[in-house]
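Here is the structure we will look at.
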Amino acid sequence: MDSIKGKPKKLESIVGLSLLVVLILIAITILITQSDYDMTRFGVGTVLSGPGTEKISLTSLVPAGFETLSEETYLADNLYEKINGKAPLYIESGFVKLSSARFLSKSDENLWMELFIFDMANIKNAFSVYSVQKRPDVEMLPDMQFGYRTTNAPYFVHGKYYVEFIASSKSDELFKAMIETAQKIQANLPPDADTEIPELSYFPHENLAAGSHKLYLASAFGFEGFTDIFTAQYKFGDETITAFLSRRPDPQDARLVAKSYHKFLIENGGVAKPAITKALEGKVVDFYDTTEIVFATGPFVVGIHEAENQQYAEKLATILINKLSQAKAMSND
Amino acid sequence: MTNPNDKYFNRRRLLTRAGKAGLSIAAAGTVSYLLYDRKGPSRLSAKSKDLVTLADFSVPHEAGDTISIVEGPDRKQTVTKAIELLGGIERFVKEGETVAIKPNVAFASPPMLGATAQPELVAQVVTLCLKAGAAQVIVTDNPINDPASCFMLSGVGKAASQAGAKVILPREYHFRHTTLEGGKLIKNWPIFFGPFAKVDKLIGITPVKHHARAGASMTMKNFYGLLGGRRNIFHQDINTIIAELAMMVKPTLVILDGTEVMMTNGPTGGSVSDLKRANTVIASCDMVAADSYGCTLLDLKPADLPYLAKAQTAGAGTTDLESLKPIMGTV
């Protein structure tokens, strides 16, 4: 008999059962997914898996006479839990991961140090956070590409890593241990493919204050459009002059950025003033009694920032132009 | 030929089945709606009757007895003098009272780096409170790093204990929700409440520090430690949250340690070269006034710190130091 009498056909039964099975499967999938949601959204510090989050083995970095007290790993999501208000500086500079460890002296429980290895994704990012936080009047570390020491700790760049230490006290023993760990880092931790920053070579060497290079990845000098700006300081007599440059993708972009910064200076109280050097005419701005110079040459944005002495500022700007012209000529060969 | 009764039967059956299906969908939808959690587990909320409010621990004060500024190289001496100039510890702590001291122990950092309150300063204030006859002195904070490590490595835990205080580390059950009246950010938010629930007086102790986000970290920012949950989200509106902290917390007294000031790379610092010796300790019943003076040690003006103006507007204190007739001293 047919279905009018209330007895379903075989096909109807099969379809009905299939639908039920599908619904049950959907319900099971939802239950499984709900029981395993991403806890990092909800404040639990969990290390995510995935590229760039592989744990660095810090045990191999323990200096002689010390033991590991603790090891921690932080990602962008919970970096503030370790370094609080400093976190945005790193996150905005391409931060990937922080691996930290505390090492305790086996012979003196009051002697401990903490190691911070910031994975910044590439050497430029690492150099940026290193340079903008660099303390003044420090001693440069001779065996490091970029490194210095204060009275209590060393700070350096190793490829894509920015490394710093804190020490429980000012102690020769602790400092020696930190240097030993630094050497182990250089020997054992692969720095990444890129270990050079070509832009630094574009700065002339004459009168250059050693170790004064900085890299502002964003908003250099308070101007939002100023990204990837390298600076260096030069000594002219008693004056210290800051030069800056940035390599842009092409000359058109360089001209655009230079023009934008010039406009920014004028809009914020700067006044265009005559140049002493003819070649710099139209590029000099008086900014609250300091001299700003900005222009483009080839793919470079170049300039001088807040110089007290216009003559020295223009002299340095001219030296920069010559140096970059040589660099352009060499790259065209 | 189709029997007319067959057609009618199919239509009725269809309508019946459709009706049943509709009811099932409606029932499922209703249950889903009732179970739906809009806020999600990241924002646990409390019913209004479960909200708490921090007590007002302040003491009456007026011009001439609100803020003292003492210069000297020894913290124990300068803080003692600073409190003495305001009338002595007995003005603030009565016999038999319980005192909570909230030092800045935010980081697992050694004392020499100046990122946390100095142990000897905390110990001296504990000693003074006990001398005044306090029944108990509690020292507590809700640090950014692991609490046990922070209290141990900063030296504050040991110094406080040795001075006779009870050190309390934060536990989950210490946190309760609060809503700040007139607040924009502190709404149904967990705060570190337990240790402060039954104390009579509250004293804050913190160093003067540069802060990468706020410009400075001083007496008002010190009470960031009372915030629980994912408090880092407030960094996006740092000036407002600091002002709201000043509205939420009314301490008896704050001690601002400018003996060694963290001039740069704050709030964690990391090198002794970040510090500059200023040999100044400030004791104040007005946090806004304390911070207004403290910022000058960082070579700043009150106008450089937007949170000061916000706090003043909210009635938490004044940036007009002259109006308070600060008492100056030297040891």
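Take region B:189-203 and flag every residue that is open to solvent by 20 Å² or more (accessible area, probe 1.4 Å), assigned to a loop (DSSP other than H, G, I, E, B) and modelled with pLDDT of 95 or more.
Correct list: B:Phe193, B:Ala197, B:Asp200.
Quick test for you: out of B:Val105, B:Val59, pick the one residue that is assigned to a loop (DSSP other than H, G, I, E, B) and touching an Asp or Glu at 6+ places or on another chain (Cβ under 9 Å).
Details: B:Val59 fails: touching an Asp or Glu at 6+ places or on another chain (Cβ under 9 Å).
Only one candidate passes the filter, namely B:Val105.
Which of the residues belonging to region A:66-95 are more than 10 Å from chain B (Cβ to nearest Cβ) and touching a helix residue (DSSP H, G or I) at 6+ places or on another chain (Cβ under 7 Å)?
At the first step, the residues of region A:66-95 found to be more than 10 Å from chain B (Cβ to nearest Cβ) are A:66-68, A:71, A:73-76, A:90-95.
Hits for region A:66-95 are A:Phe66, A:Thr68, A:Tyr74, A:Ala76, A:Tyr90, A:Ser93, A:Gly94.
Among the residues of region A:182-191, are any under 14 Å from A:Phe156 (Cα atoms) and among the β-branched types (Val, Ile, Thr)?
Within region A:182-191, one or more residues are under 14 Å from A:Phe156 (Cα atoms) and among the β-branched types (Val, Ile, Thr).
Can you pull out the strands (runs of 3 or more DSSP E) entirely within region A:113-175 that have at least 1 residues that are surrounded by 24 or more Cβ atoms within 10 Å (Cβ to Cβ) and touching a helix residue (DSSP H, G or I) at 6+ places or on another chain (Cβ under 8 Å)? Working first, answer last.
Details: elements: A:146-149, A:154-158, A:161-167.
Output list reads A:154-158, A:161-167.
Take the residues in region B:119-144 that are within 14 Å of another protein chain (Cβ to nearest Cβ) and assigned to a loop (DSSP other than H, G, I, E, B), then tell me which one is modelled with the lowest pLDDT.
The extreme case among them is B:Ile144.
Condition first: farther than 24 Å from B:Phe107 by Cα and away from chain B (no Cβ under 14 Å). Can you find one or more residues in region A:129-139 that meet it?
no
Out of all the residues in region A:176-190, which are assigned to a loop (DSSP other than H, G, I, E, B) and open to solvent by less than 40 Å² (accessible area, probe 1.4 Å)? Quick ask: steps written out before the conclusion?
At the first step, the residues of region A:176-190 found to be assigned to a loop (DSSP other than H, G, I, E, B) are A:189-190.
Within region A:176-190, A:Leu189 is the sole residue that qualifies.
How do the pairs read when you match residues in region A:164-177 that are at the interface with another protein chain (Cβ under 10 Å from one of its Cβ atoms) and free of Cβ contacts under 8 Å to residues at least 60 places away in the same chain with residues anywhere that are assigned to a helix (DSSP H, G or I) and open to solvent by less than 30 Å² (accessible area, probe 1.4 Å), using Cβ under 6 Å and keeping only pairs 6 or more apart or on different chains?
What qualifies is A:Phe165/A:Met178; A:Ala167/A:Leu174.
Can you pull out the residues in region B:1-53 that are assigned to a loop (DSSP other than H, G, I, E, B), among the charged types (D, E, K, R), over 30 Å from B:Lys198 (Cα atoms) and at pLDDT below 65?
Of region B:1-53, the ones assigned to a loop (DSSP other than H, G, I, E, B) are B:1-3, B:36-47, B:51-53.
Within this subset, residues satisfying the condition of being among the charged types (D, E, K, R) are B:37-39, B:43, B:47.
With the extra rule that they be over 30 Å from B:Lys198 (Cα atoms), the set shrinks to B:37-39.
If the condition is that a residue be assigned to a loop (DSSP other than H, G, I, E, B), among the charged types (D, E, K, R), over 30 Å from B:Lys198 (Cα atoms) and at pLDDT below 65, then B:Lys39 is the only one that fits.
Looking for whichever is more than 8 Å from every other protein chain (Cβ to nearest Cβ), surrounded by 20 or more Cβ atoms within 10 Å (Cβ to Cβ) and part of a strand (DSSP E or B) here; the options are B:Gly258, B:Gly269. Which one fits? Show your work before the answer.
Numbers: B:Gly269 fails: part of a strand (DSSP E or B).
Within the list B:Gly258, B:Gly269, the selection yields B:Gly258.
Which residue out of B:Thr206, B:Thr179 is among the polar types (S, T, N, Q), in contact with a Leu (Cβ under 7 Å, 6 or more places away or on another chain) and open to solvent by 30 Å² or more (accessible area, probe 1.4 Å)? I'd like the intermediate steps shown before the answer.
Values: B:Thr206 fails: open to solvent by 30 Å² or more (accessible area, probe 1.4 Å).
Of B:Thr206, B:Thr179, the one residue that is among the polar types (S, T, N, Q), in contact with a Leu (Cβ under 7 Å, 6 or more places away or on another chain) and open to solvent by 30 Å² or more (accessible area, probe 1.4 Å) is B:Thr179.
Quick one: A:Ser70 ticks every box in (1) surrounded by 20 or more Cβ atoms within 10 Å (Cβ to Cβ); (2) of a type in the set (S, T, N, Q); (3) in contact (Cβ under 8 Å) with a residue 12 or more places away in the chain bar one, so which box is it?
With (1) surrounded by 20 or more Cβ atoms within 10 Å (Cβ to Cβ); (2) of a type in the set (S, T, N, Q); (3) in contact (Cβ under 8 Å) with a residue 12 or more places away in the chain applied to A:Ser70, the lone miss is (1).
Out of all the residues in region A:281-313, which are touching a residue at least 24 places away in the same chain (Cβ under 8 Å), under 20 Å from A:Thr240 (Cβ atoms) and among the aliphatic types (A, V, I, L, M)?
Correct list: A:Val284, A:Ile293, A:Val294, A:Val302, A:Ile304, A:Ala307, A:Ala313.
Consider only pairs whose beta carbons are under 8 Å apart and that are at least six residues apart or on different chains; among these, list those whose first residue lies in region B:117-144 and is buried (at least 22 other Cβ atoms within 10 Å of the Cβ) and whose second residue is acidic (Asp, Glu) and at pLDDT 95 or above.
Hits for this filter: B:Ala117/B:Asp257; B:Gln118/B:Asp257; B:Leu121/B:Asp257; B:Ala134/B:Glu95; B:Ala134/B:Glu97.
Any idea which of B:Met220, B:Met247 is open to solvent by less than 10 Å² (accessible area, probe 1.4 Å) and under 12 Å from the mean Cα position of the chain (by Cα)?
Numbers: B:Met247 fails: open to solvent by less than 10 Å² (accessible area, probe 1.4 Å).
On inspection, the qualifying residue turns out to be B:Met220.
Taking the options B:Ala132, B:Ala123, B:Ala197, name whichever one is within 15 Å of the chain's Cα centre (by Cα) and of a type in the set (A, V, I, L, M). Give the steps one after another, and end with the answer.
Values: B:Ala132 fails: within 15 Å of the chain's Cα centre (by Cα); B:Ala123 fails: within 15 Å of the chain's Cα centre (by Cα).
When all the criteria are applied, what remains is B:Ala197.
Please determine whether any residue of region B:145-155 is surrounded by 21 or more Cβ atoms within 10 Å (Cβ to Cβ), more than 12 Å from chain A (Cβ to nearest Cβ) and under 25 Å from B:Lys276 (Cβ atoms).
No: region B:145-155 contains no residue that is surrounded by 21 or more Cβ atoms within 10 Å (Cβ to Cβ), more than 12 Å from chain A (Cβ to nearest Cβ) and under 25 Å from B:Lys276 (Cβ atoms).
Are any residues in region A:235-260 within 24 Å of the chain's Cα centre (by Cα), closer than 20 Å to A:Phe221 by Cα and open to solvent by 60 Å² or more (accessible area, probe 1.4 Å), and if so, which ones?
Answer for region A:235-260, where residues must be within 24 Å of the chain's Cα centre (by Cα), closer than 20 Å to A:Phe221 by Cα and open to solvent by 60 Å² or more (accessible area, probe 1.4 Å): just A:Arg247.
Quick check on B:Pro73: is it at pLDDT below 90, in a loop (DSSP other than H, G, I, E, B) and open to solvent by 40 Å² or more (accessible area, probe 1.4 Å)? Outline the logic, then answer.
Details: at pLDDT below 90: no; in a loop (DSSP other than H, G, I, E, B): yes; open to solvent by 40 Å² or more (accessible area, probe 1.4 Å): yes.
For B:Pro73, the condition - at pLDDT below 90, in a loop (DSSP other than H, G, I, E, B) and open to solvent by 40 Å² or more (accessible area, probe 1.4 Å) - is not met.
Could you pull out the residue among A:Leu265, A:Leu245 that is in contact with an Asp or Glu (Cβ under 8 Å, 6 or more places away or on another chain), outside any strand (DSSP E or B) and not small (Gly, Ala, Ser)?
Only one candidate passes the filter, namely A:Leu265.
Inside region A:272-294, can you point out the residues that are at pLDDT below 95, surrounded by 18 or more Cβ atoms within 10 Å (Cβ to Cβ) and closer than 19 Å to A:Leu324 by Cα?
A:Leu280, A:Lys283
The values are calculated or read from the model by the stated rules, or taken from the named source; none is laboratory data. Here the structure is a predicted model, which means the values were calculated and not measured. Don't worry about glycine lacking a Cβ; one is built from the backbone with ideal geometry, like all the others, and counts go over all protein chains shown. With ligands, DNA and RNA removed, areas are computed over all heavy atoms of the protein, side chains included. Shrake-Rupley method; radii C 1.70, N 1.55, O 1.52, S 1.80 Å.
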